[in-house]
Every structure is written in C-alpha cells, then in structure tokens.
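Structure first, commentary second.
The values are calculated or read from the model by the stated rules, or taken from the named source; none is laboratory data. Since the structure is predicted, the reported quantities are computational estimates derived from the model, not experimental observations. We place every Cβ from the backbone using ideal geometry, glycine too, and count neighbours over all the protein chains shown. The accessibility values were calculated without ligands, DNA or RNA, using every heavy atom of the protein model including side chains. Shrake-Rupley method; radii C 1.70, N 1.55, O 1.52, S 1.80 Å.
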Amino acid sequence: MIQDYDVIIIGSGPAGVSAAFPLVESGLRVLMVDGGHEQKIQPPDIDYLASRGSDIDQHKWIVGDDYYALRQSDTVSPKLRAPTLGYVFEGFSEANKVVEDGFITVGSLATGGLSNAWGCGVAKLGDDELGSFPFNALEIEPSYQTIAERIGISGGCDDDMSSYFGLDTSSQPPIQMDDLHCKMLDNYTRYREEIVKFGFQMGRSRVAVLSESYAGRKGCDVSGNCLWGCHKKALYSAYEDVQALKENNNFRLEQGFTVEGIERSEDTWRVAGTDRYSVSGFRSFSAKKVLFAAGTLATTRLVLGALKSKKSVKLLSCPTAAFMLWLPLHLGRKIVPSFGLGQLSFTMNVQRNTSVFGSTFSTAGIPVSEFVRHLPFHKRYGIDLMRGLLSSCLIGNIFLSGEFSSATARLGSNGELSITGGFDERVPSLMIDVKKLLRKTYWQMGAVLLPKSFTVGRPGGDIHYAGTVPMRSHPTVGETSSYGEVMGLDGVYVIDGACLSTLTEKSHTFTIMANADRIGRYIASKALEKKT
Amino acid sequence: MHNHRKKILITGANGYIGQRLVIKMLDAGYDINVLVRDQNCFSGNSSVKAFQYDFSSLPPQDAFEGVSVLVHLAAITSSLPPESDGIELKAARQLIECAHFSGVKRILFISSQTAKMDAPTTYGRTKWEIEQEILKAKGLVARPGQVYGGKEQGLFGVLVKTVRKFPIIPRFVPAPKVQPVHVDDLAEGLLRMTEQAELSAGVYSLASRDPVDFSSFLSSISKYRVRSFRLFIPVPVFLVSLSSFLLGRYLSDKLSINRLKSLFKLEPMETGADLKRLNLILRPIHAGMHPSGDDRRRCLLMEGNALLHYILKEKPRGALLRRYVHAIEQVRDASSLGIPSIFLKLPILLALLDDRRWVCEPRGKELAWRLDAATLMAEATTAGASSFLGLGRRASLLINLSVVVRAVVSELFWRAVKIISYSLLIKIMRQHRGEK
C-alpha cells in the first residue's frame, strides 16, 4: 500500500516542530496538521506605557471589539483574557471534545500552539530528575543542546540558579531587569548566607526570549508588551519554526485540520478529521507513522480513542500559587516599561525536601484592573490604591511538582475526554509552608508579601499537563516505550507532554521539545536504516 | 412560520396606526394588500400591494382577492364640510359588502373610545354607527384608548408638538381621564385579533386598565419625550366649552378644540378582560414615550454613566459610555439592573453597593460583574491610563504616600458609612424592589 506521507505529525506546537526538524532533515516526507488559527488582533508596536498613554483605540487590544476580555472574565489568568491572544485558545475544548470538572482545560488550535502565549520559562532536568525516565540522561543531552540553539535562550550568568536551570553553556546574556528586581537581587546577594539557610536560592530567570537579535528575530527592547504579543518576535514561538519548516519540499502543513481519529489498515495509519477549508468538511491522510503532538489533553483523547480504552488515567499538573510583593522603599517610583516575563527565579525546599520553583514579574505590562478585581477594596479606591502602590510592587508565582496532582482523564462513551481535577491532600499544608517561607525570605530582601495576596490556583491553572501515556522501560497498554511509541499501536508515537514519565516543578516545555527532538531523531535513523 | 401565508387587506394603512400595523403584520409573515389614497406611498416596499382608494370611490374588487381578513382602519380625522357626513358610513357598508362577496373570513374595524350613539363629535357618532354595521356582519371592533408613542403623528403628534412648542400647558379641571396604549402594543393587539380564531364578534377595548389624568399624560410627554420642564396651569373645562361656542364649528375643528371637548366626555373603558383574552401586556408609559418605543437603552446609558462615573470620578466620555451599553447588549442580557435612581444621580453612593456581600442578592452578582467590566473598560482609555496607572501624573514618595493614605482613609470611611446606613440601605433596596 502506498502512503501519502512517511510521517504525519498532529500539532504544530513546540513538540511537533521539534520532532519535525530531524525528520525533515533526513529526507522523509512529513505532513504536519494543525487547527490553523493565526493572529487576528495586532498587539501594540510601541512600548506598552506609551501606547496606554496615547492610543485612543487601546480598548481594541485590551478589551476587544467583541468584548473578548469580558466574555473571558471567569478565566484564571490575564493571558486568557488578552484579546490579542484569543486566537491561541479559542475553540480548543469544543473541537477536541474536552470537558472539565474542577479542572481548568486550556489548549490551542493555533499554528505554533500554546507557545504563542507561553511564559518562555526553560529548564533542563537534572540527572536525578531524569531518573524517572526510561532512558539515559546522556541520550537527551544533545537534544537539549539542539533545542537551546534553535529557540534562543537568555538569562545565562553565574548565579545561584545556574545549576538548577543547567542551560548556561548556550545562553545569551540576561535581559535588562527593572529597578525593583535589581534591588531585590542586591539584597539577596547581601543577605545570601542567611537566606540560603532557609532553603531558598534565587537568580536570573532563564527564558526563551532573545536579548540579542538571532535567526531573523530581534532582541528584547523592554517595551513591556510580553502579555499582549511581542512585535520584535523576541519571545520564542513555534510559529516561527513552522515557517522555517515550510521552506522544505518534503514538508507540508495542512492548517485548519482537526483530527477525529486514526485507523490502521495493514502497515498504514489513516488520520481522519475535519478540514475547515475542504468542501466536504472531511478529509483523511495516510502514513506509516503518526506522531501525536496535539497537546497533552487532545493527544490523550486521541490515543485513548485509538486504544478504545475507557480506563481512567492519571493526569499530572502542577499545583500553583500567585502572590504579590511590595517594596516599601520604592514607593513613589515612576512607572517604566519592563520586561513582562520572569525576571528573577527561585527554588526552595519545604517539608522534607519538596522542591518549589517560582519566578517574579513586573506589574507594569498588565492592566491595573487585573489587580483591582482581587482587592478587598471598593473599586473606586482600589484604583487609587493601585495607582499609588503598583509601581513599587512585583508579582510572583510558584509551582509544585506535578506529582501532587490527583487529576484524572477518562474517555466517555460519547467520545468526550472528561477531566476531573484535584490536588493531593498534602498540597494545602505545603502551600501554607511555602507562604511562610516566602514571607520570611522576601522580608529579608526588603519586600513585604502583601497580606491576602497569596492565592492558590485552581487545579489545571498551571497549564502544565503531562504524563497521561507515560514513557516506561516496560510499558503496558496505555503506556509508551522509551521512544514514546504507544503499546498496542505500532507506529504511533506520543511526543508531547502526554508522554513525560514525570512532571517536576520546573518549566516542562523545554524538556518536551528535547524529548520530541530525541524521538524524531530516532524515527529518522530507523527509517534510514531500513533504506540502506 | 406560516406554511400557508394568509393575506390581509388594510385600509388607512398609511396612517399613524396603519404604518405600525403593516410592519407588525409583515414581521408575522402575512401578505399585505392596502387601500390607500396615495398608491405610491408603499412603493418602496415590495411585499405590500397598494390599491388606490378613498371614501368617495368604490372599493377596488381585485384588492380583495385571496384576502382572509379585512382590517378597516381608514377614518376621516380632519374636518370636512357637513354634506360629507354620511360618506364614511356609506364607505364602510361598501367595504363590508365587498368582503362578504369575496369570501373574507373576518372583518376587524378600528373604532375609538369616543364611539357613542350620542357622542359630542361627528367623529364619535360615525364610529358608533359603523360599529353597528360591523357587529351586524359578525365582525370584530377594537376601541383603542389614547394612542401614543412612535412617530409624532395623529393626535399624539399634535399633543407632542403642542407640549414642545408651549412652555405653559393647561391642566384641565375637573381632570379628564385617558387610558393610554402604545401604538405598537395596539398593533400587537390588532394582530392577535386577526389571528385568534376563537374570538367572537364584539367590541374589544385596548388601552391601559387604569385611567390617568390627561395632564399627567401630557406631563409624561414633557418628561420622557420632549425632555424638558413644562409649567402646568389649571384651566376650568367650561372655558374650553365656552370658547368652542364662541369660535363656531369651523374654527373649533380647525384648532382641535372639538376633539378636546370629546375628551372631557370620555367614559372610562373596562379593558382588563379584553387584554387578558388577547394575552396582551402593555408597556409602562415611561418606556413607551421613548422614541424607540422602550427605554431599555436609556436605562442602560444611565446605569453605565453612573458606574463609569463612580470608577473614573468624572463623567465618562460618550464613546466609552456607548461601549458599556454595547457590551451589556453583546455579552449580558441587554437590560439595565434597575439600580435605584438615587445611585444613578449620585454615583459616589455606588460605593454602598460595590461590595461582594451583595453578591447573594438577586442582582448583586450581576452588579459585581458589571462593576468589574466597567473598571476594565474605563481603564482601556487614555483617561483611564492616567487614573489607573498614573501616566502623566507626577510621582514621588510623598505624592504616592498621600494617594495611598487617601485611598485607605476613603475606603475606611465608606465602610463606616455602610455600617451606619445599612438598615436604611436595605430599606431603599426593598422599597425599590417592591416598586418594581
């Protein structure tokens, strides 16, 4: 039987493009399908504060002509309310038939996937963390290296977070920090000995954001539009990689294609789905191998569907919390545009060596209303309070390991994937200890953890979903091999978050990409072996 | 909607009521034939077939073809020479005859509240005479009360223009009573009278159940339509009768004084049973007086103005206010929350309602949502960037400290006010809910 393609990759996010590069380079015919959403509303092209001060049409990108921000008012993060990012998230749950119960489900139908709106946090897993994976740490190292070089990373410097991130060999210098973060880092350095004794270490955030121009993208100019969309393309998005892949003759992209299911006949897999652009609305493609990179939730549904499994599977997701810091000595500081993603990151240990990872951010690029809505103040005076206070405030978030999730995913008889959320029973007490430790350490650094600001997020709010069809050395049905091949579905690979063997508190995207690269190389080399 | 499209013939379709009725019937999916003096008046509307007709000519036969309902709305409202007195009655008889001849199943005649055997005006007497003919032919008669709303036409048009023109308006004593009905509510009532098969021949009164003083009706016009203050001075009714006598019939007719006179002799209609039979709910007069036929938008604008004013501490700009209204129309239920007017007039008092504790109240949750929405919309303006971010304002330790202290003090102040005024507040809200 003659197949349309050698490999079909479902999804064009960070995982999909990372596997595509080695496959395309080896000469295989690769088809990539995705939901095809692209940016509709332009983010500002001058710095955030300048456009706030002068743009009389700012409501178009802050609220949206269709009142997107108001329609999304129940969502968990300002990102999910930004009209300029609406195209990233819109329609995912409906198209992929994901229903939630006490869990926040987010996914993407956009070309480039969730990386169009990600926090750009990157980190390598250490040897001990990779111990849970069914392969040698050395095996993924070249992939980590490849990805780091391709996407461009900044933040590398010799500090207390160097070994935690493990990325500094191929990193651009850090992006300029704002005054508040500079001051905090000074204080950290000054009182380092005491603070480290608390089990708290801090350093520059390592992010997939360019500080210098690289590969056609420009370096960050600190215009503070990170939340809305970077017109310099300093923030990595898989969208750019898709454009680069399209240059190859043996690569094809089908946009607007939502996969309904896969089916095998002999040695061929047929991928069927709905096509936004075809007349019948229905289309299918065939290939020898299918790689799932649709994002953990969509991938889980499709794999369980192909396995005809109604079993409930564990869904890893990091419990999170957010908090606000006030630096009283900086009260009255003039508000200036700042880098909007993580500027300083920290790791700390609570309760018998539970690792916590977190970062702090500037408040300058976020609508003030986002803060006012949570304040226990009358709106009218909450606004005044924020005008006076916000320029001396920072916000932060923390992540716990995904192993503290008790969420499950299950395929219903109607083909829907229903997700039930929940945390491990240890989480509440862990969070209390995290809060206490944060209060203590930041106090040392001259910052006050604002009362009532420490808020534990709802399950799924981290949008770090993983581990539903984990890689194991001895996989059983519903698990995958060390190369993500699904047990019981020969030639079907899971290469996104769904195949991670474990989910640590660290940002996981970089590891997903490296792992996808590793699997892509493996499949490419196998195909070459066959030919020769 | 209607598998079998019914055809309806309407006379007087170009009048004040007729125009609204035609629109209503077209919306309901009927084919419309109209008998009008000027055949070209419906030329812009391809779904209406117009036939030339006036009371002096015979009804055109082909206009009746396939018609199942005849709605007779045409009437002589202006004064005509006395020799034409019987012309209207004669025309009605001809119409009834034609209808029977062409197999029309129902005849509906729009009469008047003034219809009476011994009415003071020819108008009222003629209406009564035609009613008798219609009832004889097993037709339906509708007696509208004081029709108002929509375009400034008919008697309503005369009244609005009068109120607009004169700063001082007479208040007649003893007060005559009228029973208002909005022109669109009337049209809806007429539509139902043509549709409901089980209605028996008879007279149906379509008007507000409770009569209101004529002067309070005029005051509604000044308040909700003309939107300005008018001074009402008492005028004894006998003065009007006297002037009518002195001016003679021609001039009195010309100055609509005779119509006024018939107003004084109006007897209240019992409308409750008929409204119920037609399942017709009439809009309140403050809503109906608004040119659009309801004041939903106006209420939303007032609400948006108050909420945004409360948040920005200054009157919101027109564009922002329009966005608020549009947002509620697009994202929520499009209607205002009905916040008591004291809060709309003094937006700072909204601090008393801006409280999560109201969330358990029936509309408290929605108010909290709208305050959040108004906050974001207010921020997304250049004025908002100044008051939210402090852009363009000076910043220093002292300035910001005073901003923070003032915010905290104001917060505490309003919390205290809330505690002190809590029982009063509850009373206001309850009373308001009772009113609604």
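Among what's in segment A:23-53 and is over 30 Å from residue A:531 (Cα atoms) and either in contact with a Cys (Cβ under 8 Å, 6 or more places away or on another chain) or in a helix (DSSP H, G or I) (or both), pick the residue that is farthest from the other protein chains (Cβ to nearest Cβ).
Ranking the qualifying residues of segment A:23-53, first place goes to A:43.
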| said: Considering only residues that are open to solvent by 10 Å² or more (accessible area, probe 1.4 Å) and not basic (Lys, Arg), which ones fall in segment B:192-204? | reply: B:195, B:196, B:197, B:198, B:199, B:200, B:201, B:202, B:203
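Would you mind stating whether residue A:81 is basic (Lys, Arg) and surrounded by fewer than 22 Cβ atoms within 10 Å (Cβ to Cβ)?
Considered against the rule, which asks whether it is basic (Lys, Arg) and surrounded by fewer than 22 Cβ atoms within 10 Å (Cβ to Cβ), residue A:81 comes out as no.
Quick grid of which residues meet (1) open to solvent by 40 Å² or more (accessible area, probe 1.4 Å); (2) closer than 30 Å to residue A:424 by Cβ; (3) within 14 Å of chain B (Cβ to nearest Cβ); (4) modelled with pLDDT under 95:
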residue	(1), (2), (3), (4)
A:252	yes, no, no, no
A:262	no, no, no, no
A:267	yes, no, no, yes
A:279	yes, no, no, yes
A:282	yes, no, no, yes
A:296	no, yes, no, no
A:317	no, yes, no, no
A:327	no, no, yes, no
| query | Which of the residues that make up segment A:404-415 are modelled with pLDDT of 95 or more and not in a strand (DSSP E or B)? | reply | A:404, A:406
| Only one of (1) without any contact (Cβ under 8 Å) to a residue 60 or more places away in the chain; (2) out of contact with any Pro (no Cβ under 9 Å at 6 or more places or on another chain) fails for residue B:35. Which number is that? | (2)
| message | Name the single residue that is surrounded by the most Cβ atoms within 10 Å (Cβ to Cβ) among those in segment A:353-385 being facing chain B (nearest Cβ under 7 Å) and under 19 Å from residue A:51 (Cβ atoms). | response | A:369
| Applying the selection to segment A:41-52, what residues are open to solvent by 40 Å² or more (accessible area, probe 1.4 Å) and out of contact with any Pro (no Cβ under 9 Å at 6 or more places or on another chain)? | A:42, A:45, A:46
| query | Restricting segment B:354-383 to residues that are within 7 Å of chain A (Cβ to nearest Cβ) and over 19 Å from residue A:78 (Cβ atoms), which is least open to solvent (accessible area, probe 1.4 Å)? | reply | B:354
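Just a yes or no: is a residue in segment A:395-410 open to solvent by 10 Å² or more (accessible area, probe 1.4 Å) and more than 22 Å from residue A:456 (Cβ to Cβ)? Working first, answer last.
In the first step, residues of segment A:395-410 are kept if they are open to solvent by 10 Å² or more (accessible area, probe 1.4 Å); the result is A:395, A:397, A:399, A:401, A:403-404, A:406, A:408, A:410.
Filter once more, so that each one left must be more than 22 Å from residue A:456 (Cβ to Cβ): A:410.
Taking every residue of segment A:395-410 in turn, at least one turns out to be open to solvent by 10 Å² or more (accessible area, probe 1.4 Å) and more than 22 Å from residue A:456 (Cβ to Cβ).
Does segment B:159-205 hold any residues that are of a type in the set (D, E, K, R), closer than 16 Å to residue B:220 by Cβ and in contact (Cβ under 8 Å) with a residue 60 or more places away in the chain, and which are they?
Once the filter is applied, which keeps residues that are of a type in the set (D, E, K, R), closer than 16 Å to residue B:220 by Cβ and in contact (Cβ under 8 Å) with a residue 60 or more places away in the chain, segment B:159-205 yields B:164, B:171, B:177, B:185.
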| said: Could you go through segment A:197-204 and let me know if any residue there is part of a helix (DSSP H, G or I) and surrounded by fewer than 23 Cβ atoms within 10 Å (Cβ to Cβ). | reply: yes
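Condition check ((1) touching a Cys at 6+ places or on another chain (Cβ under 9 Å); (2) at pLDDT below 90; (3) open to solvent by 80 Å² or more (accessible area, probe 1.4 Å); (4) not charged (D, E, K, R)) across all residues:
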{"site": "B:23", "(1), (2), (3), (4)": "no, no, no, yes"}
{"site": "B:29", "(1), (2), (3), (4)": "no, yes, no, yes"}
{"site": "B:36", "(1), (2), (3), (4)": "no, no, no, yes"}
{"site": "B:49", "(1), (2), (3), (4)": "no, no, yes, no"}
{"site": "B:55", "(1), (2), (3), (4)": "no, yes, no, yes"}
{"site": "B:65", "(1), (2), (3), (4)": "no, no, yes, no"}
{"site": "B:71", "(1), (2), (3), (4)": "no, no, no, yes"}
{"site": "B:87", "(1), (2), (3), (4)": "no, yes, no, yes"}
{"site": "B:94", "(1), (2), (3), (4)": "no, no, no, yes"}
| query | What number of residues in segment B:384-398 are within 7 Å of another protein chain (Cβ to nearest Cβ) and open to solvent by less than 50 Å² (accessible area, probe 1.4 Å)? | reply | 8
| Out of (1) in a helix (DSSP H, G or I); (2) in contact with a helix residue (DSSP H, G or I) (Cβ under 9 Å, 6 or more places away or on another chain); (3) of a type in the set (Gly, Ala, Ser); (4) within 14 Å of chain B (Cβ to nearest Cβ), the odd one out for residue A:93 is which? | (4)
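Return the only residue of A:117, A:69, A:20 being within 13 Å of chain B (Cβ to nearest Cβ), open to solvent by less than 20 Å² (accessible area, probe 1.4 Å), modelled with pLDDT of 95 or more and in contact with a helix residue (DSSP H, G or I) (Cβ under 8 Å, 6 or more places away or on another chain).
A:69
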| said: Within segment A:336-349, does at least one residue satisfy the condition of being within 14 Å of chain B (Cβ to nearest Cβ) and open to solvent by less than 30 Å² (accessible area, probe 1.4 Å)? | reply: yes
